[in-house]
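Step one of this worksheet: look at the structure below.
The values are calculated or read from the model by the stated rules, or taken from the named source; none is laboratory data. No experiment lies behind these values; they were computed from the predicted model shown. Glycine gets a Cβ as well: all are built from the backbone with ideal geometry, and neighbour counts include every protein chain shown. Quick note on the areas: whole protein, heavy atoms, side chains included, nothing else; ligands and nucleic acids left out. Shrake-Rupley method; radii C 1.70, N 1.55, O 1.52, S 1.80 Å.
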Amino acid sequence: MAGGSKRQAPIAERLADLIGQQITDGVYRAGDKLPSLRELAHLHSYAKNTVVAAFDLLVSRGLVESRRGAGFYVQPQARHAVQDEDAGQLNRAMDVVWLMREQLKTQPDAVAVGDGFPPIEWLADMRMDRYHQKVVRTGLGSLFRYGSRFGYAPLRDSLVRKLGVFGLGVTPQQLVLTQGANEAMDLVIRYFVPPGATVLVDDPGYYLLFGKLKLAGARVLGVPRQADGPDVQALEQLLLTERPRLFFTQSLAHNPTGSDISAAKAYRVLQLAERHNLLLVENDPLADFKPTSSVRLSTLDQLERTIYIGSFSKSFSAALRVGFIACSDALASDLADLRSLIHVSGSEYCERMVDVMLREGHYERHLVRLRQRLGKATEQALDWLEMHECEVFARNPQSLYLWATFPGNPDAVRLAERLLAHKVTMAPGHVFSLDPSQTSPWSRCNVGAMLDPRFEVAYRAMQEVR
């Protein structure tokens, strides 16, 4: 028996460590009941005594408590342990990982004013349950196989027509389907950015892009974002002194500022790109929310020095995970090969679903309603911000995001903390900065979420407490 105990001890410790890490990561929260001894023993093929020993270790570490006759429950954890881990940093609850986690979970009782997606009710009329049978009928046999390395061909044909409406002329051979815009950016980074390469980004800008580039070992430099696009003087100086190869930018509905590039700025950026051999990667995730006549670098340039990235996450559903890259024929072929090497294939079911949705006459009506809702929400949100004497970075008639400061709140992190106590989640400006250690008064505000009456109530309650 003693020998058996010694053999079990390391296994019990590993199991205790695994469950402890899940508690730390929030898989199990304070008050949650853990799986029973029998369930864990069956799940991991362990002896019951091994699981008992693991639970004893968790109890001794103060992570769980035993309730007689009821099982084991997660104990509330002291916050000072997290503070010690992150000593010298800004509150972990407001960092980039926090913002990403907030977007990936549902909190029905919270008002997500900092959310990156349109309200669910804006998208609900594109009911995906209506299209399943049509998707299956488009090719049942092929749904059990890997798809083309470029992605589902009929959807690429549909995209040729869709982009043509924007004034961007492409062929199906210039399009590579991806699992959302984020995979599209990953592919471009893997292809063009070796460790140590200098890359330019909008600052403030898309925080996940910053993380992707840093993970690739890139040297990331920011081009200040202005209300009408990138600061071209700063861009020119960086091109002269740093000689970067790529500039990732968002011309329309910029995240987080909501600003659109002006025609004058767009032509100037393209001139600089030609002069300094710069490749422009234009991300356009909110294309469906903007007028088709809006200025885009890619439409002006016709993919000579631009790579265009699109997505359906904001206008259809983030769950579909369908995006695309438009670029030159040769580059598209290389990126398709790279995609095959990394992921083998995309989700042809999702690609077929998007294609069916695009081909239905309901799609155009959906876009009309989206733009009408966005225009009305933007107007009302701007009125709210003006009434509360907030500063707004850019005032566009259709913008899912508004970049704003709130009077008496020079640090957006502190503002977010106070509103969080009233079940309102914000997106403080420092997470969108290349230097998140700098205090920022700016917050990204979702115009749809701002119209929730609970936000007004929470904001007033916060003001009264001060």
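Simple rule: put +1 on each Lys or Arg Cβ and -1 on each Asp or Glu Cβ in the chain, find the dipole, and look at G205, A449, V160; the Cα lying farthest toward the positive end is V160. For the chain, DSSP calls about 55 percent of its internal beta bridges antiparallel. The C-alpha atoms of the chain define a longest principal axis, and helix 48-60 lies at about 80 degrees to it.
A simple count of charges around A336, restricted to other residues whose Cβ falls under 15 Å of its Cβ and scoring Lys, Arg +1 and Asp, Glu -1, yields -3.
At the residue level, H276 shows approximately 40 square angstrom of accessible surface with a 1.4 angstrom probe and all protein chains present.
The protection proxy used here, the mean number of other Cβ atoms lying within 10 Å of each residue, ranks peptides 24-36, 309-321, 245-257 as follows, highest first: 245-257, 309-321, 24-36. Descending by average beta-carbon neighbour count within 10 Å, the peptides 216-228, 60-72 line up as 216-228, 60-72, the highest first.
Calculated accessible area for the chain comes out at 47 Å² per residue, all protein chains present (probe 1.4 Å; ligands, DNA, RNA ignored). The accessible surface of region 11-74, taken with every protein chain in place and a 1.4 Å probe, is 49 percent carbon and sulfur. With only Cα atoms counted, the chain has Rg and Dmax values of 25.0, 81 Å. Residues whose amide H comes within less than 5 Å of that of Q226, counting only those at least five positions distant or on another chain, are D231 (H built at 1.01 Å from N in the peptide plane).
Angle of helix 180-192 to the longest C-alpha principal axis of the chain, folded into 0 to 90 degrees and rounded to 10: 80°. Where does helix 153-166 land angle-wise versus the long Cα axis of the chain, in degrees 0 to 90, nearest 10? Between helix and principal axis, roughly 50 degrees. Across the accessible surface of region 161-312, with the other protein chains kept in place and a 1.4 Å probe, carbon and sulfur atoms take up 50 percent.
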